[in-house]
């Protein structure tokens with residue numbers, strides 16, 4: 001009876017561990033699915049035909065399925081409200097983004113991110129912030145969703161991130177949008193530009209392999225339990241010699257080894 005209770009306890013532990021690995025595996029599968037959905041969205045919209053702002057948005061809001069779509073805008077930059085966005089690394093180098101409001105010919109104002117600027121010698125600003133003319137232009141921009149508000153502050157002429165309500169607050173402009181545009185091209189061209197931000201990485205990561213590993217760890221726990229139980233049954237039937245460790249220790253070591261291996265992932 002004591003043996004039954006002991007092995008029942010070990011089996012319960014294996015069940016708990018295996019259940020945990022199933023949940024962790026499911027979590028990794030979900031994360032992979034989210035990544036794949038994001039990759040497919042970028043691939044579908046990044047080089048899709050250019051649309052108008054009215055076609056790509058609804059009531060000044062950007063539908064999630066239209067992120068990265070290109071729109072054509074005609075108007076002029078409001079250069080008096082040029083800002084740089086802090087803490088924007090590119091290829092491992094610290095830097096900033098140039099952010100300027102653009103007013104279309106029909107009066108709408110949309111924030112345009114024009115590219116990346118490396119951190120300068122003074123570390124808290126770029127050495128060069130390329131000139132932008134306020135003449136009439138036609139630009140193509142990829143639509144991006146509003147970034148969440150953060151609690152940090154920024155020096156004058158800078159902004160913490162591309163949060164449209166915050167940008168409205170510091171510029172005094174009324175944009176009536178929940179999105180901004182990333183510059184793809186403009187005519188007429190300026191003499192110099194910030195470095196264009198690259199296309200997002202098309203990498204789904206290691207989520208699939210991690211998901212399969214968690215399932216394998218769950219299976220390994222049952223195998224370890226079965227092996228330890230068989231060893232004891234063979235011993236009690238006189239078909240196997242006793243080893244230095246008792247069977248409780250062997251079962252414990254086998255199951256804990258599986259748990260420790262999974263915890264390292």
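Identify, from the list 217, 179, 167, the residue that is touching a residue at least 24 places away in the same chain (Cβ under 8 Å) and over 29 Å from residue 76 (Cβ atoms). Spell out how you get there, then give the answer.
Details: 179 fails: over 29 Å from residue 76 (Cβ atoms); 167 fails: over 29 Å from residue 76 (Cβ atoms).
217 is the lone residue from the list that is touching a residue at least 24 places away in the same chain (Cβ under 8 Å) and over 29 Å from residue 76 (Cβ atoms).
Considering every residue within the range 145-153, establish whether at least one is closer than 20 Å to residue 194 by Cβ, touching a residue at least 40 places away in the same chain (Cβ under 8 Å) and assigned by TED's automatic domain parsing to the domain that holds residue 91. Outline the logic, then answer.
Here is the first cut: in the range 145-153, the ones closer than 20 Å to residue 194 by Cβ are 147.
Filter once more, keeping what is touching a residue at least 40 places away in the same chain (Cβ under 8 Å): none.
Checked against the condition, which is being closer than 20 Å to residue 194 by Cβ, touching a residue at least 40 places away in the same chain (Cβ under 8 Å) and assigned by TED's automatic domain parsing to the domain that holds residue 91, the range 145-153 yields no hits at all.
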Q: Could you pull out the residue among 55, 65, 72, 122 that is part of a strand (DSSP E or B) and in the same structural domain as residue 182 (by TED's automatic domain parsing)?
A: 72
Q | Residue in the range 77-109 that is nearest to the chain's Cα centre (by Cα), counting only those that are touching a residue at least 40 places away in the same chain (Cβ under 8 Å), more than 24 Å from residue 52 (Cβ to Cβ) and in a strand (DSSP E or B) | A | 90
(Q) Anything in the range 134-152 that is within 28 Å of residue 46 (Cβ to Cβ), touching a strand residue (DSSP E or B) at 6+ places or on another chain (Cβ under 9 Å) and loosely packed, with under 14 Cβ neighbours inside 10 Å? List them, or say none. (A) 136, 138
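Yes/no per residue for (1) at pLDDT below 90; (2) touching a strand residue (DSSP E or B) at 6+ places or on another chain (Cβ under 8 Å):
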site: 28; (1), (2): yes, no
site: 43; (1), (2): no, no
site: 74; (1), (2): no, yes
site: 88; (1), (2): no, yes
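The values are calculated or read from the model by the stated rules, or taken from the named source; none is laboratory data. Keep in mind it's a predicted model, so treat the numbers as computed, not measured. Cβ: placed from backbone, ideal geometry, glycine included. Neighbour counts: every protein chain shown.
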